[in-house]
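Visitor: Submitted below is the structure of interest, expressed as structure tokens.
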Amino acid sequence: MLPVITSGGVKPKYKVITSEWGEYTEEEITAILETTRKEIDYCLQNVGKKFAEVDAHKMGEDSKSQYGSVGVITYGLIAYKHRNFSKSAEYFYRDWLELKKCEEANGKGDKKEGCGAFGYGPGDYNPLISAIEQWKYAGMYDRVLMHYEEYFDMAFLSHMRGETHQQKKYRLDEQLLHDEVLRKKHAAFMREWENTKKLAKTVKPKSLDPAVQNHEWFYSEKQEEVLKALEYYYQNKVRFMLEKALGHKDPAVAKKARELVDKLPASDK
């Protein structure tokens with residue numbers, strides 16, 4: 001649950017009507033997004049380091065729950081901070097790649113001590129499944145399909161040791177003949193795979209929440225996206241973001257920010 005942010009107990013003036021943010025004002029939402037961005041940047045700079053080696057405060061309050069189960073800054077930790085499902089999926093998938101690299105270093109498919117940070121925490125998650133679920137939430141079923149082969153291998157072949165991929169598939173076919181539980185699991189998986197193929201043809205990726213989208217545009221390298229974000233912050237009276245843009249490296253952006261700051265009603269200054 002998001003923390004309640006108020007200023008001196010004053011009731012918020014502008015309410016946001018979205019299911020994700022409830023009655024948070026645009027200013028409050030943006031302040032949260034700004035804080036989270038700083039935490040993500042700090043974690044990215046320190047991926048792989050133990051919590052004891054970094055500044056826990058800069059990692060964010062939500063990281064405290066992961067001290068006992070993980071103890072290392074992973075891409076998964078960063079993924080949990082994102083409100084952009086697509087970006088979250090990419091970081092979960094990077095955890096998956098780190099896990100595979102660790103397992104290969106320890107001996108193919110052998111999950112020895114040292115791989116757990118990227119494979120089983122926080123929350124004992126599976127990084128590949130987490131990535132796939134995030135892509136599904138984003139409506140990016142075509143992206144999901146790109147990884148279904150490795151998803152299948154992880155679900156049905158990864159436990160088999162010391163064999164070629166083809167030999168593992170042959171053994172799986174044999175097991176399916178005699179194991180009813182495995183057969184049902186396999187059938188359900190294949191149905192889901194087929195359903196994902198259908199959804200990839202009909203479902204379009206979901207748009208981001210406006211607050212999240214405009215916050216990302218604000219930091220874009222594309223001038224037109226930054227300008228759209230400035231207009232959004234002007235319309236929603238988020239003064240501190242307009243002021244932040246006054247020092248933008250793009251003179252056109254800085255000029256626009258000055259115009260919008262000056263246009264804000266006196267009551268919002």
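Read-outs throughout are calculated quantities, based only on the coordinates presented, and are distinct from any laboratory measurement. Note that the structure is predicted; figures quoted are calculated from it, not measured. We place every Cβ from the backbone using ideal geometry, glycine too, and count neighbours over all the protein chains shown.
Visitor: Just for segment 154-191: of the residues that are in contact (Cβ under 8 Å) with a residue 24 or more places away in the chain and assigned to a loop (DSSP other than H, G, I, E, B), which one is nearest to Lys87 (Cα to Cα)?
Guide: Only one residue tops the list, namely Ser158.
Visitor: Being part of a helix (DSSP H, G or I) and touching a strand residue (DSSP E or B) at 6+ places or on another chain (Cβ under 9 Å) is the filter; apply it to segment 205-229 and report the residue that is surrounded by the most Cβ atoms within 10 Å (Cβ to Cβ).
Guide: The extreme case among them is Ala211.
Visitor: Applying the selection to segment 137-153, what residues are surrounded by fewer than 19 Cβ atoms within 10 Å (Cβ to Cβ), outside any loop (DSSP other than H, G, I, E, B) and touching a residue at least 12 places away in the same chain (Cβ under 8 Å)?
Guide: Within segment 137-153, Tyr137, Asp142, Leu145, Tyr148, Glu150, Phe152, Asp153 qualify.
Visitor: Determine which single condition Thr202 fails, assuming it passes every other condition in (1) among the hydroxyl-bearing types (Ser, Thr, Tyr); (2) closer than 30 Å to Lys136 by Cβ; (3) surrounded by 14 or more Cβ atoms within 10 Å (Cβ to Cβ).
Guide: Condition not satisfied by Thr202: (3).
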